[in-house]
1. Show the residue pairs that are 6+ apart or on different chains and have beta-carbon atoms under 6 Å apart, the first residue being within region 115-129 and free of Cβ contacts under 8 Å to residues at least 40 places away in the same chain, the second being assigned to a helix (DSSP H, G or I).
2. Filter region 76-116 down to the residues that are closer than 18 Å to Gln10 by Cα and touching a strand residue (DSSP E or B) at 6+ places or on another chain (Cβ under 6 Å) and list them by number.
3. Could you look through region 60-74, keep only residues that are within 17 Å of Leu23 (Cβ to Cβ) and either in a loop (DSSP other than H, G, I, E, B) or open to solvent by 40 Å² or more (accessible area, probe 1.4 Å) (or both), and pick out the one that is modelled with the lowest pLDDT?
4. Just name the residue that is most open to solvent (accessible area, probe 1.4 Å) out of those in region 96-113 that are out of contact with any helix residue (DSSP H, G or I) (no Cβ under 9 Å at 6 or more places or on another chain) and on the phi > 0 side of the Ramachandran plot.
5. Output the residues belonging to region 75-95 that are in a strand (DSSP E or B) and exposed (fewer than 15 other Cβ atoms within 10 Å of the Cβ).
6. For region 108-124, how many residues are under 14 Å from Gly69 (Cα atoms) and either more than 8 Å from the chain's Cα centre (by Cα) or hydrophobic (A, V, I, L, M, F, W, C) (or both)?
7. Hey, among the residues in region 10-59 that are part of a strand (DSSP E or B) and within 26 Å of Thr128 (Cβ to Cβ), which one's modelled with the highest pLDDT?
Amino acid sequence: MNNTMKLEQQVVSLELAKQLKELGVKQDSLFYWDTDYENGRVIFPNYEVRELMPKLNNRVSAFTVAELGEMLPNQSMDLTVKLYKGDDAYWAECHKWGKKNHLIGGEETEADARAKMLIWLIGEGYITQ
């Protein structure tokens with residue numbers, strides 16, 4: 001049995017990565033989507049070209065779960081995001097002042113659940129980029 005997870009399953013999807021870029025999220029990540037390919041391709045640039053990557057139009061940050069976690073609020077007094085895995089999907093809840101404010105779920109990957117919550121938080125003005 002092969003339990004190896006593809007890199008594309010460990011980063012935000014290309015569609016959500018593009019939305020984050022359009023919202024002004026800084027394009028600084030460990031991995032990038034190369035949109036020169038029809039369905040995109042995740043690349044890991046070497047150290048010498050890493051600083052050039054965010055400036056290229058055909059590159060979109062492929063944020064990892066950890067990178068997205070750094071962007072989401074956690075344990076602040078008024079706004080908290082909680083993530084969990086259901087039977088076959090990932091869910092994200094936003095709590096404002098201790099009460100559930102918004103729920104996102106049914107995502108195949110944790111990165112996509114985190115990205116959708118970040119997109120919602122930016123859209124609602126809870127987070128600025």
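The values are calculated or read from the model by the stated rules, or taken from the named source; none is laboratory data. Fair warning: this is a prediction, and the values are worked out from it, not measured in the lab. Cβ sites come from the backbone with ideal geometry, for glycine too, and all protein chains shown count toward neighbours. Heads up: the accessible areas ignore ligands, DNA and RNA and are worked out on the full protein's heavy atoms, side chains in. Shrake-Rupley method; radii C 1.70, N 1.55, O 1.52, S 1.80 Å.
1. Pairs found: none.
2. Leu83, Tyr84, Ala89, Tyr90, Trp91, Ala92, Gly105, Glu107, Glu110, Ala111, Ala113, Lys116
3. So the residue we want is Pro73.
4. Step by step, filter region 96-113, then rank; the result is Trp97.
5. Residues satisfying the conditions are Lys82, Tyr84, Lys85.
6. The number of residues fulfilling the criteria is 9.
7. Filtering first and then ranking leaves Val11.
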